[in-house]
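Here's the structure, in structure tokens; my notes come after.
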Amino acid sequence: MSKKLIDAEETIRNIIIAAPREPDEAIRATASAIVVIENMPPAQPERGHWFNPLGDFAPYRCSRCGHYSDSKTPFCAHCGAAMREEKNVHYDNHSS
Ligand SMILES: [Zn+2]
């Protein structure tokens with residue numbers, strides 16, 4: 001399973017909506033799941049960069065997932081990677 005950034009508050013709201021109202025064990029299990037989510041550290045987004053092997057113009061391509069973008073957005077809309085600006089970017093898969 002790949003890393004996925006999610007909205008914890010929205011996740012908890014949806015769990016509460018979907019949770020069984022009985023028996024008591026199910027209610028306790030739901031409460032435990034909510035506590036686990038509330039205590040999770042924030043996920044650190046993967047890092048990537050926009051590149052175009054032909055030059056510094058659109059379409060740009062995400063170095064992590066290959067998604068195309070018309071602009072250099074701070075995050076890849078497809079994989080959520082945090083994009084950094086790089087000089088002399090070339091096609092590779094280095095993640096650091
Ligand atoms: Zn991406």
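Dividing the mean sequence gap of close Cα pairs (under 8 Å, 6+ apart) by how many residues the chain holds gives a relative contact order of 23 percent. Put in order of Cβ neighbour count within 10 Å, fewest first, the listed residues I37, I16 become I16, I37.
Secondary-structure-derived ellipticity at 222 nm for the chain, considering helices only, amounts to -8500 deg cm²/dmol, per-run term -39500 (n - 2.57) for DSSP H runs with n ≥ 4.
Exposed loop sites here mean GluC sites (Glu not before Pro) with a DSSP loop assignment and at most 12 other beta-carbon atoms within 10 Å; the chain contains its longest site-free run at 1-84.
All of the numbers you see were taken from the coordinates with simple rules; none came from a lab. Predicted model only: the values in this text are computed from it and were never measured. Here the Cβ is made from the backbone with ideal geometry for all residues, glycine too, and neighbour counts use every protein chain on show.
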